[in-house]
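For reference, the structure is listed below as structure tokens.
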Amino acid sequence: MSLCVATTSVPGDLSAKLEAIAAAGFAAVELHEPDLMGYAGTAKEVAKTAKALGLRIEVLQPFHDFEGQIGEARSCAFARLEQKLDLMNELGAKTLLIGASASRNAAPDQIVEDFSELAEITAAKGLRAALIALPWARHITKETQALEVVNAVDHPSFGLALNSFFSLADGSQAARLRDVPGEKLFHVQLSDAPGFDFDISGLKSQFGLLPGQGDLNLESFVRVLARAGYQGPWSLARVSDAMQAGRPAYARDGFRALVSLLDAVASTEPALKKPLKDLPSRGYPSGFEFLEFAVDAESKDQLTQTLSAMCFRRERRHVSKSVELWRQGAVNIVVNSESSGFAADAFAAHGPTVCDMGLRVRDADAAVARATALGAPVFQQPVGTGELDIPAIQGVGGNVVHFIDEKSDLHRVWDIEFDPVSKTQAAPPAGLRRIDHVAQTMRYQEMQSWLTYYTTTFEMEKAPVVDVADPSGVVLSQALSSPEGEVRLNLNGAGERRTFAGAFLADQFGAGVQHVAFHSDDIFETSARLKEVGFSRLAMPANYYADLAVRFGLSKDMTTDLREGQILYDRDAAGEYFQIYGTPIFNGFFFEIVERRGGYQGYGARNAPIRLAAQLRFLQEGQAA
């Protein structure tokens, strides 16, 4: 199987593009001719560079406005063809990608004749050409029309090219491609798109996404073509300008997305080969085992005072390091105040921060094997005497993820590496059972990298992107969860420095965990316990509760209980949702406590603007004081 990517998808000059593509794991490229035109060397030098990097140049593209020309324009079109074919032989490329002409002067009765002559010329040079329909073309706007031309020409050197965006973004199903002969299909480009109720197939530069980032049924598209007998390269087409801009990680993200898609189809489709040998399946995350904070003495006091105010107990201390375990229910919070090592480096770079996340999986080694095969670096640090070597990787932005399973002693890490602390007087638990979700904040341009990383490494499903109105701008929120909801993540993309999320990014010097939500089985009982121990919660305006009572038809007693507890409320057809927010601590980080009733799966999106306004008000009041 040949994994391919268009050079136009990767930022940088041609040399940088080829290096990034090879480093990501691709074996082949579609060479975008403008990239070649801007290169200082010759075509043969490009071929030599690609070969040294282990890359094949599969396709030269684009070749436009060829067919249907008359007179001098036709002579010019064939002269351009000859030049492109000679260039291809110097590059070692074998397929010329021809985009259907958008010229208003293209004569429909010339199309088959022109392509028949093109096929003969191409064959004489030992090459081939593939025709792709374009939604904005003059005559060939659908793949069915392109296939009719290919069939009419009926030449072994002239075939069809398909792009999943053009085929599916108008709402069509892949099943209509079942009759495409595999031997006449020369090239396939894969591109995703968001789901809309209208045709966006002509808006690829605005909406094109990597596989898995959108809503198109790409698995069906690949399956249908594999069953039709397609044996050629699977290539990543260019994504939208907004998604590509400033993203040097595009090649790595693209490799992850492409391999994950093809592997998912190949696991149940005998007609498709596996993209990588022995690639483990996506890991199933069955829960958060721990979250680890990197702190210094001052921020440790802030964090542990807040944990104590939520009725956490300091239960264990590391046998040889300045690391403590705080626990309540199934929540394990690790507080690391070491002056050297990874946590210290994370603190130096970001200030107090969540530097590590432990996920429970069925097979820790398999989870690492898949992640590293898809380009994630293995995380390693010195292991002391009596310590466990827990499998781990570095995710997007350098965040560390450790994997805990029950196949080995990994799940006994708290007994092996930590000693119990002396029993001290502590408040009874507040009913916090487990981690409900973790929210990570990053820049808009990084959101798709994080999304691809999580969905290709783990069995996680994405919810639609939600626009959250901040008093100073808009934040994009993308929710992910394991199939049963044991692990939930919120990815929040911020742009404006003035937004609460944007200010967090600026203070953190990069992406990071901005808040952690704990699950309670009874929010009102938990609220009462937290009030007894003095937990500092975010104050909500009275106007919110007046609107809430009318919006949901709440009883007077319920509204009073919510207002007195500063509890936010949401409801949908599946169930109810309750939220308590702690006041922000270091760098705008905060804790949340939630209760889900019934089948509620959301995160109280309609409450987000209220919460954000309250947080900004809290910070402004603190600055004024």
Query raised in the report: Name the residues in region 17-34 that are over 20 Å from P275 (Cα atoms), in a helix (DSSP H, G or I) and open to solvent by less than 30 Å² (accessible area, probe 1.4 Å), would you?
Result: K17, L18, E33
Query - Entirely in region 239-331, the helices (runs of 4 or more DSSP H) that have 2 or more residues that are open to solvent by less than 10 Å² (accessible area, probe 1.4 Å) - result: 250-266, 297-309
Query raised in the report: How about region 212-238: which of its residues are at pLDDT below 95 and open to solvent by less than 10 Å² (accessible area, probe 1.4 Å)?
Result: G214, L236, A237
Query raised in the report: Do the conditions hold for I70, that is, is it buried (at least 22 other Cβ atoms within 10 Å of the Cβ), among the β-branched types (V, I, T) and in contact (Cβ under 8 Å) with a residue 12 or more places away in the chain?
Result: no
**Report entry** Residue in region 520-535 that is farthest from the chain's Cα centre (by Cα), counting only those that are open to solvent by 60 Å² or more (accessible area, probe 1.4 Å) and within 26 Å of Q302 (Cα to Cα)
**Finding:** E532
Report task. Scan region 212-222 and give yes if some residue there is touching a residue at least 40 places away in the same chain (Cβ under 8 Å), in contact with a Lys or Arg (Cβ under 6 Å, 6 or more places away or on another chain) and assigned to a helix (DSSP H, G or I), otherwise no. Result -> no
Query raised in the report: Just wondering, is there one or more residues in region 334-348 that are surrounded by 21 or more Cβ atoms within 10 Å (Cβ to Cβ), over 28 Å from G485 (Cβ atoms) and aliphatic (A, V, I, L, M)?
Result: yes
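For every residue, the table says whether it meets (1) assigned to a strand (DSSP E or B); (2) of a type outside the set (A, V, I, L, M, F, W, C).
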| position | (1), (2) |
| --- | --- |
| F578 | yes, no |
| N587 | no, yes |
| F591 | yes, no |
| R596 | yes, yes |
| Y603 | no, yes |
| P609 | no, yes |
| A614 | no, no |
| R617 | no, yes |
| Q620 | no, yes |
Report summary line: Given (1) open to solvent by 60 Å² or more (accessible area, probe 1.4 Å); (2) of a type in the set (S, T, N, Q); (3) farther than 30 Å from A137 by Cα, T49 misses just (1)
Report task. Could you check how many residues of region 1-16 are open to solvent by 40 Å² or more (accessible area, probe 1.4 Å) and modelled with pLDDT under 90? Result -> 3
Query raised in the report: Within region 177-202, restricting attention to residues that are among the aliphatic types (A, V, I, L, M) and closer than 30 Å to S157 by Cα, which residue is surrounded by the fewest Cβ atoms within 10 Å (Cβ to Cβ)?
Result: V180
Report summary line: In region 112-148, anything open to solvent by 10 Å² or more (accessible area, probe 1.4 Å), hydrophobic (A, V, I, L, M, F, W, C) and assigned to a helix (DSSP H, G or I) is listed as V112, I121, A123, A124, L147
Query - region 292-311: number of residues that are over 21 Å from S339 (Cβ atoms) and in contact (Cβ under 8 Å) with a residue 40 or more places away in the chain - result: 5
Query raised in the report: Can you pull out the residues in region 567-625 that are charged (D, E, K, R), within 19 Å of R434 (Cα to Cα) and touching a helix residue (DSSP H, G or I) at 6+ places or on another chain (Cβ under 7 Å)?
Result: E595
Query raised in the report: Where in region 353-466 are the strands (runs of 3 or more DSSP E), entirely inside, with at least 3 residues that are basic (K, R) and either in contact (Cβ under 8 Å) with a residue 40 or more places away in the chain or surrounded by fewer than 21 Cβ atoms within 10 Å (Cβ to Cβ) (or both)?
Result: 432-443
Query raised in the report: Which numbered condition trips up Y545, out of (1) among the hydroxyl-bearing types (S, T, Y); (2) open to solvent by 30 Å² or more (accessible area, probe 1.4 Å); (3) in a helix (DSSP H, G or I)?
Result: (2)
Query - Condition broken by R56, with the remaining ones in (1) at pLDDT below 95; (2) within 35 Å of the chain's Cα centre (by Cα) satisfied - result: (1)
Report task. With respect to A102, determine if the residue is over 20 Å from T122 (Cβ atoms) and crowded, with 22+ Cβ neighbours inside 10 Å. Result -> no
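The values are calculated or read from the model by the stated rules, or taken from the named source; none is laboratory data. The shown structure was predicted, so the numbers you read here are calculated from the model rather than taken from an experiment. Here Cβ is always computed from backbone atoms with ideal geometry, including for glycine, and neighbour counts include all displayed protein chains. Heavy atoms of the whole protein, side chains included, go into the accessibility calculation; ligands, DNA and RNA do not. Shrake-Rupley method; radii C 1.70, N 1.55, O 1.52, S 1.80 Å.
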